[in-house]
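Read-outs: derived from the displayed coordinates by stated rules, not from any lab. Quick caveat, the model's predicted, so the values are computed rather than measured. In this analysis, Cβ positions are derived from the backbone assuming ideal geometry, glycine residues included, and neighbour counts consider all displayed protein chains.
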Amino acid sequence: MPKKVFITGASGCVGHYLIEMLLAKTDYELYLLVRDRRKLQIDLSDRLNVHIIEDSMQNIGQHRDLLRTMEFVVSTAAGWGGEEAFVVNRDKTIELFSLLDPQVCERAIYFSTASILDSHNQIIPEAGQIGTDYIASKHACLETLEGSSICDRLITVFPTLVFGGAADKPYSHLSRGLKDILKYVPYVRFFKTNGSLHFVHAIDIAQIVTHLLTAPSVTPSPARLVLGMQRLTVQDLITQFCEHLNLKVGWQLELTPFLVDTVIKLFRIEVAAWDRFCIAQRDFTYDVVSPETFGLVSKYPRIANLLAEIK
């Protein structure tokens, strides 16, 4: 019998890539939880192994009987701010995993965010204390899930900066704003600062998750996998942007923490506690995994690969 996979947030950017990849590489029965089926940009009309459940995470308890039959669960649904963030990201996500049958469920994949981790992939207390609603709710959820009854089959993935989207797929927040970012490159190239980051494309996330759902065995759980390509410095980022726009990087003014703080005070810019924490940290690097970690090949190994697709 084909395995059953329950996917929340299926109509999002990552969800679209994951659905396509699972359909191409497995015979699994897919159960897709979506608030509005019209947001699915994939033609699933002739797919007998795809079942669309039009409902919200707020009503996840109504699907308890179905959830208890699932071998796999992938939770990508997220609320981005306000009360919804805590209801969806914490309360209802915890409820979702509590409804799984430990005798049936083989792997449970939970999407968190790398923002709640330090460089050694350990949870930072500041995420829960001063983080945004989105970050604080993710922080609270992870602490509960890692002590739950299914923690021995829990795999938490922490995407770094997510790009992705196409004519037949919704764009991620970052990809939607990439054209606007490029408008500022002619000015940003005159500044330099220390700092580093990782990024990952949604199709590479889908590759990794598909591997986790099909491999005979995976890393011992509860597992924390930070998804991202190799470390990229801010200067590397500016250089790749400039190469794309055929601009030269010449003289640069260094933006030291002191200078940034002076500008904030001089212009009386309101900066939240979490934003101040991020400005002080500057390096957002982790022990990451990429498709290559699992013997796969990344579709977007460099920012330049993303920029090449901009019309």
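Summary of computed values
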read-out	value
Cβ-derived FRET efficiency at R0 30 Å, Thr233 paired with Lys25, nearest 0.05	0.30
Calculated from backbone phi, Karplus (6.51, -1.76, 1.60) coupling profile of the range 100-105 in Hz, x at Gly/Pro	6, 8, x, 7, 10, 5
Shape of the range 164-204, Cα gyration tensor, a/c cut at 1.5	oblate
Percent RCO, i.e. relative contact order, over the range 110-160, from Cα pairs under 8 Å lying at least 6 residues apart	52 percent
Rounded FRET efficiency, nearest 0.05, which uses the C-beta distance separating Asp168 from Phe277 and R0 of 35 Å	0.35
Under-5 Å amide H pairs with His51, H placed in peptide plane, nonlocal only	Leu30, Tyr31, Leu32
Label assignment, volume of the Cα convex hull per residue in Å³ derived from the structure, set [x] 127; [y] 154; [z] 141	[z]
Electrostatic dipole magnitude of the chain [Cβ: Lys, Arg +1; Asp, Glu -1; Cα centre; debye, to 20]	780 debye
Met1-Glu309 FRET efficiency (beta carbon distance; Förster radius 41 Å; 0.05 resolution)	0.55
Stretch gain in nm, segment Leu296-Asn121, where the contour uses 0.36 nm per residue and the Cα spacing is subtracted	60.7 nm
Label point 7 Å beyond Cα of Asp180 along Cβ direction - residues of the range 11-40 with amide nitrogen under 19 Å	13
Counted charge near Leu32, where neighbours are those whose Cβ lies closer than 14 Å (Asp, Glu -1; Lys, Arg +1)	0
Neighbour net charge for Met70 - beta-carbon separation under 13 angstrom, K R +1, D E -1	+1
For the range 79-201: relative contact order, % (alpha-carbon pairs under 8 angstrom, 6 or more apart)	27 percent
Percent RCO, i.e. relative contact order, over the range 1-80, from Cα pairs under 8 Å lying at least 6 residues apart	44 percent
Dipole axis of the chain (+1 Lys, Arg; -1 Asp, Glu on Cβ), positive-most option in Thr160, Trp80, Thr233	Thr233
3J(HN,Hα) from dihedral phi, the range 280-296, Karplus parametrisation 6.51/-1.76/1.60, rounded to Hz, x for glycine, proline	6, 6, 6, 9, 10, 10, 9, 7, 9, 10, 9, x, 4, 4, 10, x, 9
Residue pairs, from the table Lys183/Lys248; Lys138/Lys179; Lys192/Lys299; Lys3/Lys25; Lys39/Lys169, whose Cα atoms sit over 19 Å apart	Lys138/Lys179; Lys192/Lys299
Taking His120, His173 and counting other C-beta atoms within 10 Å, the order from fewest to most	His120, His173
Unit charges on C-beta of K, R, D, E only; dipole of the range 166-239, Debye	260 debye
Label-point separation, Leu245 to Asp152 (7 Å along Cα→Cβ), nm	5.5 nm
